[in-house]
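Below you'll find the structure, written out as structure tokens, and then a few comments.
The values are calculated or read from the model by the stated rules, or taken from the named source; none is laboratory data. Quick caveat: nothing in here was measured; it's all calculated off a predicted structure. Quick reminder, even Gly has a Cβ in these numbers, built from the backbone with ideal geometry, and neighbours come from all protein chains shown.
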Amino acid sequence: MRIMLKLVLDCDADAAWRALHSPRAVADLYGPFVELVPMAAEGMPNRLEPGADVPVEMTLGGALALGQQLIHVSERFTSDANGRVRVFRDSGIPLTGPLAALDVWDHQMAVAPAPGDPTKTLWRDRLVIGGAAAAALWPVLWATWQWRGARLRALAPTWAYDPETADVDD
């Protein structure tokens with residue numbers, strides 16, 4: 001079963017790509033209700049790198065455990081009629097909780113400059129789930145992905161910034 005989003009975000013594709021690799025930016029997509037809590041003793045990495053396995057616990061309001069999830073990161077690069085497309089993939093799997101009834105979890109997010117406006121991002125988000133509970137969990141995940149879409153639109157403008165440069169006297 002699939003859940004898909006296709007949005008144009010108010011940030012450039014480089015900023016969206018950086019956000020996909022930021023555990024904080026990813027966690028903010030589920031906020032303020034669901035929190036991602038690192039399970040590793042060293043905490044969350046600063047950046048989600050290809051090949052990384054990041055175990056997290058999802059909680060509702062920081063109090064009610066929703067389950068544990070393994071985030072497995074990979075990426076690929078391709079192109080379409082509009083140019084370069086970067087794809088971030090989480091092929092991890094739910095470990096505990098209701099989502100652990102799924103035996104397929106393939107979440108891919110593609111970013112590219114928006115057609116006609118390279119200052120914006122065309123964001124394509126696809127989640128493929130499978131298993132005996134997929135049909136029962138699909139409505140909940142679909143609603144969660146609609147929330148994600150709203151959060152993406154709200155947060156994307158905050159992802160791009162130009163750091164101030166210090167004047168250096170020679």
Please indicate, with yes or no, whether at least one residue in region 89-108 is crowded, with 18+ Cβ neighbours inside 10 Å and over 24 Å from residue 135 (Cβ atoms). no
Filter region 103-134 for residues that are in a strand (DSSP E or B) and out of contact with any helix residue (DSSP H, G or I) (no Cβ under 9 Å at 6 or more places or on another chain) and give the result. 106, 107, 108, 110, 117, 119, 124, 126, 128, 130
Restricted to region 31-50 and to residues being in contact with a strand residue (DSSP E or B) (Cβ under 7 Å, 6 or more places away or on another chain) and of a type outside the set (A, V, I, L, M), the residue nearest to residue 73 (Cα to Cα) is 50
State the number of residues belonging to region 50-60 that are surrounded by 12 or more Cβ atoms within 10 Å (Cβ to Cβ) and either within 15 Å of the chain's Cα centre (by Cα) or of a type in the set (D, E, K, R) (or both). 7
What pairs come out if I take residues in region 133-154 that are closer than 17 Å to residue 34 by Cα and surrounded by 14 or more Cβ atoms within 10 Å (Cβ to Cβ) and pair them with residues that are at pLDDT 95 or above and of a type in the set (Asp, Glu) whose C-beta lies under 8 Å away, six or more apart or interchain? 145/125; 148/125; 149/125; 152/125
Selection count where residues are over 20 Å from residue 141 (Cβ atoms), in a loop (DSSP other than H, G, I, E, B) and not aliphatic (A, V, I, L, M), scope region 27-53: 8
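Residues are listed down the side, and each one gets a yes or a no for (1) touching a Pro at 6+ places or on another chain (Cβ under 9 Å); (2) more than 24 Å from residue 122 (Cβ to Cβ); (3) surrounded by fewer than 18 Cβ atoms within 10 Å (Cβ to Cβ):
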| position | (1), (2), (3) |
| --- | --- |
| 13 | yes, no, no |
| 27 | no, no, yes |
| 62 | no, yes, yes |
| 65 | no, yes, yes |
So residue 66, is it more than 23 Å from residue 18 (Cα to Cα) and part of a strand (DSSP E or B): yes
Just checking, how many residues over region 38-53 are among the aliphatic types (A, V, I, L, M) and touching a residue at least 24 places away in the same chain (Cβ under 8 Å)? 2
Could we say that residue 76 is of a type in the set (D, E, K, R), at pLDDT below 95, surrounded by 12 or more Cβ atoms within 10 Å (Cβ to Cβ) and over 21 Å from residue 144 (Cβ atoms) here? no
Among the candidates 128, 85, 111, 168, single out the residue that is within 13 Å of the chain's Cα centre (by Cα) and either modelled with pLDDT of 95 or more or more than 28 Å from residue 40 (Cβ to Cβ) (or both). 111
One residue from 73, 56 being farther than 30 Å from residue 120 by Cα and either touching a residue at least 12 places away in the same chain (Cβ under 8 Å) or part of a helix (DSSP H, G or I) (or both): 56
Condition first: touching a Leu at 6+ places or on another chain (Cβ under 8 Å) and of a type in the set (Ser, Thr, Tyr). Now tell me which residues in region 110-138 satisfy that. 121
